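Notes follow the structure.
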Amino acid sequence: MDPADRPLRGFGTIRRGGGVVERPLLHVISHTDLDGIAAAALAWHVHRADRAPIRVSLTGYGEVDNLILETLETGQEPLVLDLFCQRQETVDEVDRRFPEGGTPFLFDHHQTTFDRYGNRPWAVIQTDACGALVYHRWLKGRDLSPAARRAHEDLTELVLVANDRDLWLGQREDSRLWQALVTLLNPTGVLLRLCLDPRAELTPEERRRAEDFVERQEARFVRARSAVQRAGNDLSFLGSDILEFGDVSDFCGLLLDRDPNPPRVVAVAARRPAGDWAVSLRSREGLSGKLVGLLRDGRKVRGGGHGDAAALYFPSHFKEEQILSTLLAGIRTETERSQAPGVTLGDLLKGKL
C-alpha cells in the first residue's frame, strides 16, 4: 500500500476499483453499560439501511485501544461511542490518519476525555448528557435518509432512559430496570433485544424479571454495606465477590446519596476473569475523575471516565489492600494539591505509593 494512502484509511473513505464504489465496513465500538448499549443500538438502526453489514464491539477501557488500532489497520471505519482509548500512542495514530475535513468518529461525554481531546476535529464531546444522547443530538443535525430518520426517532425514548440512568437523574423509574436487564442478559443480550425491538417499553416478562432482580439486589446491598471498609470521610471501599455486574452504580448511589455521613469517594473492586482488577469509582464532587487522572499511567494502571463516575484497572498481582492504600494516597495527593497549588505532583507522591 502506498504510504500516502494510510492517513485516509479507516475514516469513511471511498475505495474505487473496476468501476465499483465501496464504503469501508462500519465498526461500532461502544461501552458495556446501558449508555454504551443504547448508543450502539442507535448507530446500528440508523446506519443499517445503507451500511449493512455492520460490525459491533461492546468493550471496556482495557481493550478499546486495540480495537481502534485494528479497525484503522484493516481499513474499516470506526465509530466510537461512550468511551475512548487510554494510550497516547493510539491518539497519535488517530491524529496522523484523520483526514482534514473528515467527519467526527468519537462521541463521548466523559470529563476526562473532554479535558484531553475536546479540541480535536474527530471528537464530539459534551459533558451534560450521556454518550448515547451526545450521538443522538449530533445525528439530529445530519442529512439522514427517511429510514434513518425514523430509526433516530424510534430510539429517542431509549436514549433518554439511558441518559436518566447514566446521569442519576431519577426521573424515569424504568432506567433501573433496564440496567437490571444488562446484568441478567449481559450487554450483548440487551443489544440483541434492541436490534430486534428498539422500543424502551419493557414487555411484561422483561419487567417481571427485572423487578425480581432489583428485589434480590437490595438483599445484596445489605450484605455489601456490612462489608464496606470505611477510611474516615475520604473513602468507602468494597472488595470482590459480593456485588454482581450492574450492581455497582446503584450501590454507590446508595452510599453517596442516602448515607447521613457520605464518603467523598466510593470504590468497588472486582477481579475480572483474566485476573486483573476493575475498580469502579463514584463521587459527587468530581474526585473520581481526578483520581483516574492521578493514578493511571497508561501501562500497568489504566482507567477513564468523567468527574463522578470513573474506573481504574489494576494488574492481577495487586492485592485488595494495595488498591485501597493506592486510592487513599491518591485522595490525599489531590487534597493537598488543591490546597497547595505551587507544589508539584511529584513532590506530593514521593514516598506515598
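The values are calculated or read from the model by the stated rules, or taken from the named source; none is laboratory data. Quick caveat, the model's predicted, so the values are computed rather than measured. We place every Cβ from the backbone using ideal geometry, glycine too, and count neighbours over all the protein chains shown. All accessible areas refer to the heavy atoms of the entire protein, side chains included, with ligands and DNA or RNA removed. Shrake-Rupley method; radii C 1.70, N 1.55, O 1.52, S 1.80 Å.
Here are a few things to note about the model shown:
- Carbon + sulfur, % of accessible area of the stretch 26-198 - ligands and nucleic acids excluded, 1.4 Å: 48 percent
- Cα-based equivalent ellipsoid of the stretch 152-278: semi-axis lengths in Å, sorted from largest, via gyration tensor: 28, 17, 14
- Alpha-carbon geometry of the stretch 120-171: the Rg and the Dmax are 12.1, 34 Å, given in that order.
- Of all complete DSSP H helices in the chain, not one has a Cα span along the helix axis of 24 Å or greater and a mean Kyte-Doolittle hydropathy of 1.6 or more.
- Packing order of peptides 33-44, 319-330, highest average first: 33-44, 319-330 (average count of other Cβ atoms within 10 Å over each peptide's residues).
- At full extension, residue 258 and residue 149 could sit 35.1 nm farther apart than now, given 0.36 nm per residue minus the alpha carbon distance.
- Charge tally for residue 49 (other residues, Cβ to Cβ under 15 Å; Lys, Arg +1; Asp, Glu -1): +2.
- Cα-based Lys proximity count in the chain, under 24 Å, for pairs eight or more positions apart or on separate chains: 9
- Nonpolar atom fraction for the stretch 221-339, defined as the carbon and sulfur part of the 1.4 Å probe accessible area, stands at 48 percent.
- With all protein chains modelled, accessible area of residue 242 [1.4 Å, Å²]: 40 Å²
- Under Stokes-Einstein, with the Kirkwood radius over Cα pairs as Rh, the value for the chain at 25 °C and 0.890 mPa s is 115 µm²/s.
- A cut-off under 11 angstrom between Cβ atoms defines the neighbours of residue 164, and their net charge, with Lys, Arg +1 and Asp, Glu -1, is -2.
- Local net charge near residue 288, Cβ-Cβ under 13 Å (Lys/Arg +1, Asp/Glu -1): +1
- A straight chain from residue 229 to residue 276 at 0.36 nm per residue would run longer than the Cα-Cα distance by 14.8 nm.
- Dimensions of the stretch 213-343 from C-alpha coordinates, computed as largest minus smallest value along each principal axis and given longest first, are 50, 37, 24 Å.
- What the chain shows is 47 Å² of accessible area per residue, with the surface traced by a 1.4 Å probe over protein heavy atoms.
- Sequence of 209, 51 when ordered by accessible area, the most exposed leading, probe 1.4 angstrom: 209, 51
- Summarising the strand pairing of the chain, around 55 percent of its internal DSSP beta bridges are antiparallel.
- Stretching the chain fully between residue 137 and residue 119 yields a gain of 4.6 nm (0.36 nm per residue, less the alpha carbon separation).
- Legend: residues 234, 164, 50, sorted from most to least accessible area (1.4 Å probe; ligands, DNA and RNA excluded), read 50, 234, 164.
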